[in-house]
Amino acid sequence: MRSKSVDILVIGAGPSGCAAASYLAMHGHRVVIADSAQFPRDKTCGDGISPLAVRMLIRLNVLSQVESEGAFRIENVLIQSPMGKMNRSRFDESLGANEYALAMPRIDLDSILLKYALSSGAEAMLHTRIEEVQTDGDLITSLTAKHLDSNVRVKIQPRHVIFAVGANIGFLRRCGFTVNTQNVSLATRSYYSTSIPLPKDYALYFDEELIPGYGWVFPVANQRANIGIGVVRGRHRATSNIEMLDAFINRRVNQEVLCGVTREDDVKGYPIRSDYGTQRIAGANWMLVGEAAGLVNPLTGEGIDLALYSGILASECLHAGIGLSQPYSRLYEAELSRRFRLLFVGWRICRNLLLRRHIMDRIVHTMSVDSELRSLIVKMGLGLESPISLAHPKWLYRVIRSR
Ligand SMILES: Cc1cc2nc3c(=O)[nH]c(=O)nc-3n(C[C@H](O)[C@H](O)[C@H](O)COP(=O)(O)OP(=O)(O)OC[C@H]3O[C@@H](n4cnc5c(N)ncnc54)[C@H](O)[C@@H]3O)c2cc1C
């Protein structure tokens, strides 16, 4: 088998891998980014780019490109409770001036991010699947890659490896990583055209039939939306996800939220991993980033923001940590833990306690009458404030007493 030495190997060219590769290449490192797919490639997703993700695109200096190539600007977050209470909050009022979200089909977003990584100096190995990892203790010594065009296998010998493989659970397990399937949900979506323009809402519907999951309507253009549902595994066995998605859309049509809806694409489903904090995410010369590290918000199923965040953080640690006495991977693990460990604990507690019929109803009602609390809940849902703050007696009192 032919062998190839590389300095930094990034496996996966989604948002986390491209963020890491762009940052490292920009800072003068030799990076190879491998992906089993041919690009442009689709990724089953809701296509929602949260305000935190927008901030990360600004940090990478790629936001203007994403916007100029057609990302759809979203001004509000709309939440509907199981009993039909509704609240619409403007991002700029809840989060601060100039805050907004975007939506863009992943086939377009990921192409822009990959092109950006390549123009920053990274080298791509596309249509190349990483199949196996060889280790010496905790150190990754080599990996076997297969070129899917020629079926030729190559042994790659990297000095550093960043795993950005998303929810490829089979591969992660083959590499010896643990995946906690208790925190895996299943999401299903398709693209739809509508006969009237859609409001610029990041719309989340916590329907009784789906809770603790939810359904979303994210406009990707004036009259085109990504519509989908995310459900917790094993809770809704009686019906298929496609039937649940159809029923979700029918409820929106009856509610007159959607008008003249026509499906434009196949319905596709994919798992979502939110198990950050239950596994090792870094070792001697390797780090897991994005969804490979279980970094997806368990309340909303959003992972693009945390993928970009962790990709940038991992590469900052690698860049700063090479040559230091403390391994860069420890820096990464510690910094990620400082930022996200409690947040994930809080999000999981919220998912188990708050995503219930009556409690959600009260919370959504309180959001519509108490602007301070509304801002806190929007920040908390988006990962910009710890959910622990909501447990303060002052807020609990205001939720209970709101009329
Ligand atoms: C239906 C659905 C809806 C969602 N909606 C949203 C949303 O609206 N907003 C949001 O923020 N998040 C959403 N998410 C989550 C989001 O899609 C992911 O969290 C995000 O894509 C993670 O980015 P990533 O870079 O970590 O991994 P990915 O985007 O999954 O990229 C991983 C890449 O690795 C490659 N790869 C995998 N294994 C190998 C291998 N062995 N060798 C080579 N290449 C490999 C894959 O081909 C892929 O290109 C949704 C998820 C689903 C399933």
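Some notes on this structure:
- Any chance residue 257 is surrounded by fewer than 21 Cβ atoms within 10 Å (Cβ to Cβ), under 26 Å from residue 350 (Cβ atoms), without any contact (Cβ under 8 Å) to a residue 60 or more places away in the chain and more than 12 Å from the ligand (Cβ to nearest atom): yes
- The requirement of being over 30 Å from residue 281 (Cβ atoms), among the aliphatic types (A, V, I, L, M), touching a strand residue (DSSP E or B) at 6+ places or on another chain (Cβ under 8 Å) and modelled with pLDDT under 95 is fulfilled nowhere in the range 226-237; no residue meets it.
- Residue 20, sole failed condition from (1) aliphatic (A, V, I, L, M); (2) more than 20 Å from residue 319 (Cβ to Cβ); (3) within 13 Å of the ligand (Cβ to nearest atom); (4) touching a residue at least 60 places away in the same chain (Cβ under 8 Å): (2)
- Tallying residues that are in contact (Cβ under 8 Å) with a residue 60 or more places away in the chain, outside any strand (DSSP E or B) and of a type in the set (D, E, K, R) within the range 84-100 yields 2.
- Test: residue in the range 75-84 that is over 22 Å from residue 214 (Cβ atoms), more than 8 Å from the ligand (Cβ to nearest atom) and of a type outside the set (Phe, Trp, Tyr): no
- The helices (runs of 4 or more DSSP H) found entirely in the range 262-381 that carry 3 or more residues being touching a Lys or Arg at 6+ places or on another chain (Cβ under 9 Å), β-branched (Val, Ile, Thr) and outside the structural domain of residue 6 (by TED's automatic domain parsing) are 357-369.
- Here the condition is being in a strand (DSSP E or B) and away from the ligand (no atom under 12 Å from the Cβ); of 156, 140, it holds for 140 alone.
- For the range 295-315, the set of residues classified as more than 10 Å from the ligand (Cβ to nearest atom) and at pLDDT 95 or above consists of 309, 312, 313, 314, 315, listed by residue number.
- Residues in the range 47-60 that are touching a Ser or Thr at 6+ places or on another chain (Cβ under 9 Å) and not in a helix (DSSP H, G or I) were compared, and the one that is nearest to the ligand (Cβ to nearest atom) is 48.
- Where a residue in the range 294-317 is within 19 Å of residue 329 (Cβ to Cβ) and its partner, wherever it lies, is crowded, with 24+ Cβ neighbours inside 10 Å and charged (D, E, K, R), with Cβ under 6 Å and at least six apart: 294/273
- Complete set of residues in the range 176-192 that are surrounded by 14 or more Cβ atoms within 10 Å (Cβ to Cβ), more than 9 Å from the ligand (Cβ to nearest atom) and not aromatic (Phe, Trp, Tyr): 179, 180, 183, 184, 190
- Of the residues making up the range 122-138, just one is in contact (Cβ under 8 Å) with a residue 60 or more places away in the chain and touching a Gly at 6+ places or on another chain (Cβ under 8 Å), namely 138.
The values are calculated or read from the model by the stated rules, or taken from the named source; none is laboratory data. Quick caveat: nothing in here was measured; it's all calculated off a predicted structure. Positions of Cβ are backbone-derived with ideal geometry, glycine not excepted, and every protein chain shown enters the neighbour counts.
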